[in-house]
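Trainee: Take a look at this one; I'll ask things after.
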Amino acid sequence: LAQRPRRERDKWYFDPRLPVSEQTGEHVYEDPDLDRGHLVRRLDPAWGRDADEVKAANDDTFHFTNSTPQHHAFNAGQTLWAGLEDYILHNADNHDLLVSVFTGPVLAPDDEAYRGVLLPRQFWKVVAMVTGSGRLSATGYLLSQSSLIDDLPTEESFSYGAYRTYQVPVRRVADLTGLGMDACVRADPLERLETMPP
């Protein structure tokens, strides 16, 4: 049962399971154009019937280990990250779907440094679910904030252009991130289209 706990004033915490030196802190987000972008959206784990558990799940998303520097226009944009999150949650609610959402930044060796932290240019999501016929289905998304973070005072300038929000083969996300997503690659409808004979 999906819940929508009221959003109170955001208070972010260091994750006690990792050294503070390995986490970003408030100093990275002092520029008003840079948000603490949730990787796991606060509403995604907010489900169940126990109000205390729902609140704990919501609050647990406010650890710095669950955030990544995102330009405000990217993080809150209804055609970018927030819009994709809304699309996924809206359809899961409306169609009573149980979905698993995997998400993260694309870490590249040439990401630019900002206040001692590398700023990812791209972010990905893979949404997996079991269809009514019992088959696994997975869909990949890749979004870029390159053009939005160009104006932040990094140590060097970026050379990438803007991407639009779009669906990509899960294989592309797996290749970019180096993560093993073989089951999701095989379950991607785009993969099946690409492997069908002409």
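The values are calculated or read from the model by the stated rules, or taken from the named source; none is laboratory data. Since the structure is predicted, the reported quantities are computational estimates derived from the model, not experimental observations. Methodologically, a virtual Cβ is constructed for each residue, glycine included, from the backbone with ideal geometry; neighbour enumeration extends over all protein chains shown. Note: accessible area is taken over every heavy atom of the protein model, side chains too, but ligands, DNA and RNA are not part of it. Shrake-Rupley method; radii C 1.70, N 1.55, O 1.52, S 1.80 Å.
Trainee: Tell me, what is the FRET efficiency for Asn91 and Ala183 to the nearest 0.05, using R0 = 22 angstrom and their Cβ-Cβ distance as r? List each step's numbers first, then the result.
Mentor: Details: r = 21 Å, r/R0 = 0.97.
Result of the calculation: an efficiency of 0.55.
Trainee: Using each residue's phi in the stretch 136-149, evaluate 6.51 cos²θ - 1.76 cosθ + 1.60 at θ = phi - 60° and report the 3J(HN,Hα) Karplus result to the nearest Hz, with x for Gly and Pro.
Mentor: 6, 10, 9, 10, x, 9, 9, 10, 10, 10, 3, 5, 7, 8
Trainee: What is the local net charge at Pro69, summed over the other residues whose Cβ is closer than 13 Å to its Cβ (Lys, Arg +1; Asp, Glu -1)? Write down the numbers at each step before the final one.
Mentor: Numbers: positive: Arg36, Arg115, Arg121; negative: Glu26, Glu30, Asp31, Asp33, Asp35, Asp111, Glu112.
Summing Lys/Arg as +1 and Asp/Glu as -1 gives -4.
Trainee: Oh, and also: Give a residue-ordered list of calculated ³J(HN,Hα) values for the stretch 63-79 (Karplus: 6.51 cos²θ - 1.76 cosθ + 1.60, θ = phi - 60°; whole Hz; x for Gly, Pro).
Mentor: 8, 4, 5, 9, 10, 9, x, 10, 4, 4, 5, 6, 5, 9, x, 6, 10
Trainee: Once fully extended, how much extra length lies between Asp175 and Lys11, figured as 0.36 nm per residue of separation less the alpha-carbon to alpha-carbon distance? Present the calculation step by step, with values, prior to reporting the outcome.
Mentor: Working: separation 164, 0.36 × 164 = 59.04 nm, distance 3.48 nm.
Result: 55.6 nm gained on full extension.
Trainee: Would you mind putting 140-146, 38-44 in packing order, based on average other-beta-carbon counts within 10 Å, highest first? Walk me through the intermediate numbers first.
Mentor: On the way: 140-146: 22.1, 38-44: 19.4.
The peptides rank, most packed first, as 140-146, 38-44.
Trainee: Could you do me a favour and compute the accessible area per residue for the stretch 28-116, 1.4 Å probe, result in Å²? Don't skip to the end; give the middle numbers.
Mentor: Details: 4610 Å² over 89 residues.
Averaged over the residues of the stretch 28-116, the accessible area is 52 Å².
Trainee: How much of the accessible area of the stretch 1-133, in percent, comes from carbon and sulfur atoms when a 1.4 Å probe is used?
Mentor: Values: 4080 of 7650 Å².
That share works out to 53 percent.
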